[in-house]
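**Q** Attaching a single structure in structure tokens format; questions to follow.
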Amino acid sequence: MFSEEKKKAIIDEKYPLAAKYDAEWQLENEMGSPCLWLVESVANKMNLKPGMRVLDMGCGNAISSIFLAKEFGVQVFATDLWVAASDNWKRICEAGVEHLVYPIHAEAHDLPFADGFFDAIVCINSYQFYGTADTYFNEYFGKLIKKDGQIGFALPGIYKEFDEMVPDYLKEHWWTDFYYFHSFDWWKRHFKRCGTVDIEFVDDFDGEGNSIMMKWEPIPDRMKLVRIDNGRNLSWIRMVLRKR
Ligand SMILES: C[S@@+](CC[C@H](N)C(=O)[O-])C[C@H]1O[C@@H](n2cnc3c(N)ncnc32)[C@H](O)[C@@H]1O
């Protein structure tokens, strides 16, 4: 059960497509971010067309996959490691999109798909877990998408790389994993160096990258880091690549 305040907070008119989805359902299935706000904003910068084959990589509870199928009529391969395919299948069937969304349980370095299979890839709050190695994109992820296909990311990040360690005022709430938060420039350089994609679009969600974090933080109420940072470093990054 979620408070009326939290349910109200997740229904935001800035995200009119996401706002159509039950607040309780969004909250029950959240995995650390306002997934539907992010996927709506990323999808708005892509050319998703009905019938396209889309990989939703690191889909968690597959709510972004259900959203993409319902809103854009695409076929979605809802792929995740931590969440069992059977659990996602149940949610997919309950949402009535079993003809469009296929749950897959897989690790990002062992993806069971043919090269060039996907028309597009969407990746919400997930790529940072496995995609920061210099070789990852070309060896694994990038092979799966066809030429000219788009890849859309929502990445938790920072405005500027830290000189060395996280600033003292953030230390108490910083887990070492969080060093996978990188800056806009870091991600741009990371993908430029791949030599196999063009960067089509990068921004901080129309200037809202930090305020999305600040608005979201009191909902799950477990990311004190965001409150303490108070807009100094942390921001969501939106990025769209196109495969050469
Ligand atoms: C923070 S959750 C986000 C889930 C969902 N995209 C959302 O926004 O609600 C990160 C997801 O990345 C997936 N993930 C992390 N490491 C992975 C890996 N090595 N291979 C496949 N998926 C991975 C996890 O299974 C998890 O569901």
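The values are calculated or read from the model by the stated rules, or taken from the named source; none is laboratory data. What you see is a predicted model; the values in this text were computed from it and never measured. As a convention, Cβ positions derive from the backbone with ideal geometry for all residues, glycine included, and neighbour counts pool all protein chains shown. Just so you know, the surface numbers come from the protein's heavy atoms only, side chains and all, with ligands and any DNA or RNA stripped out. Shrake-Rupley method; radii C 1.70, N 1.55, O 1.52, S 1.80 Å.
**Q** How about segment 27-56: which of its residues are free of Cβ contacts under 8 Å to residues at least 40 places away in the same chain and aliphatic (A, V, I, L, M)?
**A** Result: 36, single match.
**Q** Same structure again: If I ask for residues that are hydrophobic (A, V, I, L, M, F, W, C), in contact (Cβ under 8 Å) with a residue 60 or more places away in the chain and open to solvent by less than 50 Å² (accessible area, probe 1.4 Å), which ones from segment 186-244 would you list?
**A** As a first pass, look at segment 186-244 and keep what is hydrophobic (A, V, I, L, M, F, W, C): 186-187, 191, 194, 197, 199, 201-202, 205, 212-214, 216, 219, 223, 225-226, 228, 234, 236-237, 239-241.
Those left that are additionally in contact (Cβ under 8 Å) with a residue 60 or more places away in the chain: 197, 201, 205, 212, 216, 219, 223, 234, 236-237, 239-241.
Residues satisfying the conditions are 197, 205, 212, 216, 219, 234, 236, 237, 239, 240, 241.
**Q** Determine if segment 144-157 includes at least one residue that is out of contact with any strand residue (DSSP E or B) (no Cβ under 7 Å at 6 or more places or on another chain), open to solvent by 60 Å² or more (accessible area, probe 1.4 Å) and not aromatic (Phe, Trp, Tyr). Quick ask: steps written out before the conclusion?
**A** As a first pass, look at segment 144-157 and keep what is out of contact with any strand residue (DSSP E or B) (no Cβ under 7 Å at 6 or more places or on another chain): none.
No, there is no match, as no residue in segment 144-157 is out of contact with any strand residue (DSSP E or B) (no Cβ under 7 Å at 6 or more places or on another chain), open to solvent by 60 Å² or more (accessible area, probe 1.4 Å) and not aromatic (Phe, Trp, Tyr).
**Q** Can you name every residue in segment 1-22 that is open to solvent by 100 Å² or more (accessible area, probe 1.4 Å), in a helix (DSSP H, G or I) and touching a residue at least 40 places away in the same chain (Cβ under 8 Å)? Give the derivation first.
**A** Initial filter on segment 1-22 (open to solvent by 100 Å² or more (accessible area, probe 1.4 Å)): 1, 4-5, 8, 13-14, 20.
Next cut, in a helix (DSSP H, G or I) only: 4-5, 8, 20.
Scanning segment 1-22 gives no hits.
**Q** Among what's in segment 9-54 and is acidic (Asp, Glu) and in contact with a Phe, Trp or Tyr (Cβ under 7 Å, 6 or more places away or on another chain), pick the residue that is nearest to the ligand (Cβ to nearest atom). Steps first, answer last, please.
**A** Of segment 9-54, the ones acidic (Asp, Glu) are 12-13, 22, 24, 28, 30, 40.
Pick out the ones that are also in contact with a Phe, Trp or Tyr (Cβ under 7 Å, 6 or more places away or on another chain) and you get 12, 24, 40.
On the way: 12: 16, 24: 16, 40: 12 Å.
Result: 40.
**Q** Let me ask something else about it. Quick one: residue 107 ticks every box in (1) within 11 Å of the ligand (Cβ to nearest atom); (2) without any contact (Cβ under 8 Å) to a residue 12 or more places away in the chain; (3) charged (D, E, K, R) bar one, so which box is it?
**A** (2)
**Q** Which condition breaks for residue 87 when tested against (1) within 12 Å of the ligand (Cβ to nearest atom); (2) assigned to a loop (DSSP other than H, G, I, E, B)?
**A** Only one criterion in (1) within 12 Å of the ligand (Cβ to nearest atom); (2) assigned to a loop (DSSP other than H, G, I, E, B) is unmet by residue 87, namely (2).
**Q** Tell me, yes or no, whether segment 170-184 has at least one residue that is in a helix (DSSP H, G or I), in contact with an Asp or Glu (Cβ under 9 Å, 6 or more places away or on another chain) and open to solvent by 80 Å² or more (accessible area, probe 1.4 Å).
**A** Of segment 170-184, the ones in a helix (DSSP H, G or I) are 170-171, 176-180, 184.
Keeping just the survivors that are in contact with an Asp or Glu (Cβ under 9 Å, 6 or more places away or on another chain) gives 170, 184.
Filter once more, so that each one left must be open to solvent by 80 Å² or more (accessible area, probe 1.4 Å): none.
No, that holds for no residue.
Matching residues to (1) over 21 Å from residue 20 (Cβ atoms); (2) assigned to a loop (DSSP other than H, G, I, E, B); (3) open to solvent by less than 40 Å² (accessible area, probe 1.4 Å); (4) of a type in the set (Ser, Thr, Tyr):
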| position | (1), (2), (3), (4) |
| --- | --- |
| 41 | no, no, yes, yes |
| 50 | no, yes, no, no |
| 56 | no, no, yes, no |
| 67 | no, no, yes, no |
| 70 | no, no, no, no |
| 79 | yes, no, yes, yes |
| 114 | yes, yes, no, no |
| 129 | yes, no, no, no |
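**Q** Against the definition (surrounded by 13 or more Cβ atoms within 10 Å (Cβ to Cβ), within 15 Å of the ligand (Cβ to nearest atom), of a type in the set (Phe, Trp, Tyr) and at pLDDT 95 or above), how does residue 141 come out, yes or no?
**A** On the way: surrounded by 13 or more Cβ atoms within 10 Å (Cβ to Cβ): yes; within 15 Å of the ligand (Cβ to nearest atom): yes; of a type in the set (Phe, Trp, Tyr): yes; at pLDDT 95 or above: no.
It is false that residue 141 is surrounded by 13 or more Cβ atoms within 10 Å (Cβ to Cβ), within 15 Å of the ligand (Cβ to nearest atom), of a type in the set (Phe, Trp, Tyr) and at pLDDT 95 or above.
**Q** Pick from 117, 72, 129: which is of a type in the set (A, V, I, L, M, F, W, C) and within 16 Å of the ligand (Cβ to nearest atom)?
**A** Details: 117 fails: within 16 Å of the ligand (Cβ to nearest atom); 72 fails: within 16 Å of the ligand (Cβ to nearest atom).
Just one listed residue meets the conditions, 129.
**Q** What's the number of the condition residue 97 fails, among (1) under 24 Å from residue 45 (Cβ atoms); (2) within 8 Å of the ligand (Cβ to nearest atom); (3) not small (Gly, Ala, Ser)?
**A** Failed condition: (2).
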